[in-house]
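Here's the structure, in structure tokens; my notes come after.
The values are calculated or read from the model by the stated rules, or taken from the named source; none is laboratory data. Just so we're clear, the structure is a prediction, and the values are computed from it rather than from any experiment. Using ideal geometry, Cβ is built from the backbone for each residue, glycine included, and neighbour counts are taken over all protein chains shown. Accessible surface areas use protein heavy atoms only, side chains included; no ligands, DNA or RNA. Shrake-Rupley method; radii C 1.70, N 1.55, O 1.52, S 1.80 Å.
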Amino acid sequence: MVAISKIATGNGHGENSPYFDGWKAYETNPFHPTERPDGVIQMGLAENQLCFNFKKWIMQHPEASLCSAEGVNKFKETALFQDYHGMPEFRQAVAKFMGKVRGDRVKFDPDRIVMSGGATGAHEMVAFCLADPGEAFLVPTPYYPGFDRDLRWRTGVELVPVFCESSNNFKITRNALEIAYEKAKEANLRVKGLLITNPSNPLGTILDRETLKSVVKFINEKNIHLIGDEIYAATVFMEPEFVSISEIIEEVECNRDLIHIVYSLSKDMGFPGFRVGIVYSYNDAVVSCARKMSSFGLVSSQTQHLIVSMLSDDDFVDSFIVESKEQLFKRHKYFTWSLSQVGIGSLKSNAGLFIWMDLRKLLKEKTFEAEMDLWKVIINEVKLNVSPGSSFHCNEPGWFRVCFANMDDHTMEVALLRIRTFMFKQNEAMVPRKLCTRSSLKLSFSRRRDDFMSPSIMSPHSPLPQSPLVLART
């Protein structure tokens, strides 16, 4: 057999994770309302389909497409070679949109916009720019499983978890950062940076201003880089409002050469297929290096042309941001309320396309083996692809990420029905058969209330928010 590279033969991609196993289960038996009603429902994909009303805009703006009578005149100039800097009007439109998403409280310089093939490419690009093989980034847990691929696989960079606890709502504390930093030093790893995700994937929470200031102070004292993944910035649908790291560095003293932002249109606009990723760095050397590296993952000129047309329409962008927040708020409220009615709690959240579901009380024992046993039941019997907390490096078994924005109302109702049926069976097993009537089932759920009642957990009797946060209106 002809020898090939270690990257090709190794498992650095992380595909053996249960996170990806769930995707495989879905792909082999995907749910369809008529053709495959017993198939697996995809609840492991963080995709925003709730506000996908672009057809009307496209019909009203045929010039945005190069393959139309109205847009054909720009076909040649767009199809020919494009500089890897990106079209000037593209960088200007993205910079303006990034500011708008952040309430226009901060401005972004188009000359610092570097494009990439999605956030995946952007993260790898930043890792190549900031660290050498064998050096490390700190990453607070739980964190997106794809980071193990994006930042490690081809760069040789190591990730050191900063363990955060459910007891304080998984907040990032200075103590947790110091512990992780010291552990890295003990392992002879040189820490080059800290990666934070704000809003958080998988928690659906945001970092408050004081936490962000603490984080900036930490990286400034250690003289390490800070990468702020802000790809869910426009998905904040309830108070408190989103605070960007770009705002914090206006308020506190720090070395701006250490600050970098990863952004994308995949989540905020629902365009994952367009592969629009952005690196925004305050470091001139990083901007220069990243721009050269962007040759390996450019955004097509046709996509740039469409994005420029769309993001330049202020009325459309404003209404889209408002409607997206409203739709996310409604779906999140209904979904978490429905889960609470069958005794399932979740971390209180106000952003993102998912919830952090608490199934700790369903574990036979408090181990990750028990978590995997429960996950296999959910995948193979309930036929829902949800992602176990262990795949997000959570250090407490029993948490699961569930995506709620990537499906229509009918599919969501089917998923909720399956969950209700599953929970009925779970409670039936816990309650003696002769007592398992509708009233006793209701009683068994109410008795479980205390299990889920904490300030950080959504419960059957937690007050639900009454109105969404619509930043574009303020």
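Note on segment 183-234: the C-alpha convex hull projects to 4.3 nm² when averaged across all orientations. The helix-based estimate of mean residue ellipticity at 222 nm for the chain, built from -39,500 (n - 2.57) per DSSP H run of four or more residues and divided by its residue count, is -11500 deg cm²/dmol to the nearest 500. Expressed as an acute angle from 0 to 90° and rounded to the nearest 10, what is the orientation of the C-alpha long axis of helix 18-28 relative to the principal long axis of the chain? The two axes meet at around 90 degrees. For the pairs K6/K192; K185/K217; K171/K213; K6/K292; K107/K267; K107/K348, note any where the Cα-Cα span goes beyond 23 Å. The answer is K6/K192; K6/K292; K107/K348. Computed extension gain for L363 through Q49, at 0.36 nm per residue and net of the alpha carbon distance, reaches 109.8 nm. With R₀ set to 22 Å, the beta-carbon distance separating R105 from D314 gives a calculated FRET efficiency near 0.80. Of the residues T303, I379, V287, the one whose Cα sits farthest toward the positive end of the charge dipole of the chain, with +1 on the Cβ of Lys and Arg and -1 on the Cβ of Asp and Glu, is I379. For segment 163-289, the gyration tensor built on C-alpha atoms gives an oblate shape. Its axis ratio a/c (a ≥ b ≥ c) is at least 1.5, and a/b is not larger than b/c. Which log10 I(q)/I(0) values, to two decimals, does the chain give at q = 0.09 Å⁻¹ under the Debye formula with one point per Cα? The Cα Debye sum returns log10 ratios of -0.63.
By per-residue mean of other Cβ atoms within 10 Å, what is the highest-first order of 415-425, 364-374, 230-240? Please list the in-between numbers first.
Values: 415-425: 16.4, 364-374: 14.7, 230-240: 23.1.
Taking the mean over residues of other Cβ atoms within 10 Å, the ranking is 230-240, 415-425, 364-374.
Counting only Cα atoms, the size of segment 64-313 along its three principal axes is 62, 40, 31 Å, in decreasing order.
Comparing Cα centroids, segment 149-174 and segment 234-294 end up 18 angstrom apart. Extension gain for the segment T421 to E381, taken as residue separation times 0.36 nm less the Cα-Cα distance, is 13.3 nm to one decimal. Label zone of N29 (point 7 Å out along Cα→Cβ, amide N under 14 Å): in segment 378-411 this covers 378-386.
Gain in length, A3 to N223, computed as 0.36 nm per residue apart minus the alpha-carbon separation, to one decimal in nm?
On the way: separation 220, 0.36 × 220 = 79.20 nm, distance 4.16 nm.
The span from A3 to N223 would gain 75.0 nm if fully extended.
Would you mind checking segment 120-138 for residues with the amide N under 15 Å from a putative spin-label position 7 Å along Cα→C-beta of N188? Within reach of a label on N188: 134-136.
Remark: segment 246-257, residue by residue, has Karplus-estimated 3J(HN,Hα) of 5, 6, 4, 6, 7, 9, 10, 7, 7, 7, 5, 4 Hz, where x stands for each Gly or Pro and the curve is 6.51 cos²θ - 1.76 cosθ + 1.60 at θ = phi - 60°. The simple spin-label model puts a point 7 Å past each Cα toward its Cβ; for E165 and D284 those points are separated by 4.6 nm.
DSSP finds beta bridges in segment 64-313, and of those with both partners inside it, around 35 percent are antiparallel. So which lysines can K364 reach, going by Cα to Cα under 18 Å and dropping same-chain residues fewer than 8 places off? Leaving aside lysines fewer than 8 places away in the same chain, those within reach of K364 are K376, K425.
Share of carbon and sulfur in the accessible area of segment 64-313 stands at 50%, probe radius 1.4 Å.
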